[in-house]
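One structure is given below, encoded as C-alpha cells.
No value in this document is a laboratory result; all are computed from the given coordinates. Given the structure is predicted, the values throughout are model-derived calculations rather than measurements. Using ideal geometry, Cβ is built from the backbone for each residue, glycine included, and neighbour counts are taken over all protein chains shown.
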Amino acid sequence: MCRPHQHVGLLMTAFGPFSAGISLDVKPHAYDPTANPELFEGVLARRVVAFTIDMIVIAIPLILAWIFIFVFGLLTFGLGWMLFWMLSPASVVWALAYYGMTLGGEGSATLGMRAMDLQMRTWYGARAYFVLGAVHAIVFWLSVTMLTPIILLFGLFNGRRRLLHDVLVGVVVVNKRALLSISAAPAR
C-alpha cells in the first residue's frame, strides 16, 4: 500500500514545488491544414448551409407543438393556451438533445452537417460525444448573442477554419470525404 508521502517527491520533481499534482496529457493537433488542406476546403460555406438545415429540423417539431397547443386551446375554450409557456424551455431542451444526440452519435455530425458532408472531431482527432455536442451548442448560442460577426470572421483567419466557439470547446469541423480518404491512404 502506498503512503501519501511516498509520491510527494515525484510530484515535486515533475511539477515543481507549487504544483497541485495535476498531470496534463497534451495531445498534438490531429489535422494539419498545411499537410491536408483538403480537410478544410469549403467548410465555412457548407457550415452556413448546414446550420440552416439544422434550424429547420429544430423548428419543425416546435411549430407542430405550437399548432397543437393552439388547437387544444380552441377546443378547451382558452385553457389549453396556458401550455404556451412550455414552448420556450422545450425548445432549449430539444435543441440541446438534438445537438448532443447527433454530434455525439455515430456520424459525429448533425443532419445538416451530414447533408453537407461535414464531420465534427475533437482537435486531437476523436469523435464527438453527447456532452461535447450539447456544450458546443451552448457555447455557440452564447457567443452568437454577444459576438455575432466576430465568430464568423474568426474562421477566415485560421488554417483549420475553426470558428470562435470551436476553439473554445476544442473541436474542428472537417470534410468527411477528405477525412475518409486520408484515413484510408497507406501510411508513408
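What distance in nm separates the simple spin-label points at Ala59 and Leu74, each placed 7 Å from Cα in the Cβ direction?
Placing both labels 7 Å beyond Cα along the Cβ direction yields 2.2 nm.
Non-local amide H neighbours of Leu118 (under 5 Å, H modeled in plane, Pro and chain starts lacking H): which ones?
Residues meeting the amide H criterion: Lys176.
Using alpha carbons only, what's the Rg to Rh ratio of the range 35-84 with Rh from Kirkwood? Each step should come with its number before you reach the end.
Details: Rg = 19.8 Å, Rh = 13.7 Å.
When Rh is taken as the Kirkwood radius, the ratio is 1.45.
Of all alpha-carbon pairs in the range 35-184, indicate the percentage at a distance above 27 angstrom.
Numbers: 3291 of 11175 pairs.
So the pairs more than 27 Å apart make up 29 percent of the total in the range 35-184.
Using the crude model of +1 on Lys and Arg Cβ and -1 on Asp and Glu Cβ, and no other charge, please compute the dipole size for the range 35-184 relative to its Cα centre, in debye to 20.
So the dipole magnitude of the range 35-184 works out to roughly 260 debye.
Summing +1 for each Lys or Arg and -1 for each Asp or Glu, what net charge is found among the other residues whose Cβ lies under 12 Å from the Cβ of Met113? Before the final figure, lay out the partial values.
Details: positive: Arg46, Arg47, Arg114, Arg121, Lys176; negative: Asp54, Asp117.
So the environment of Met113 carries a net charge of +3.
Taking Cα centroids, how far is the range 143-188 from the range 87-110 in Å?
20
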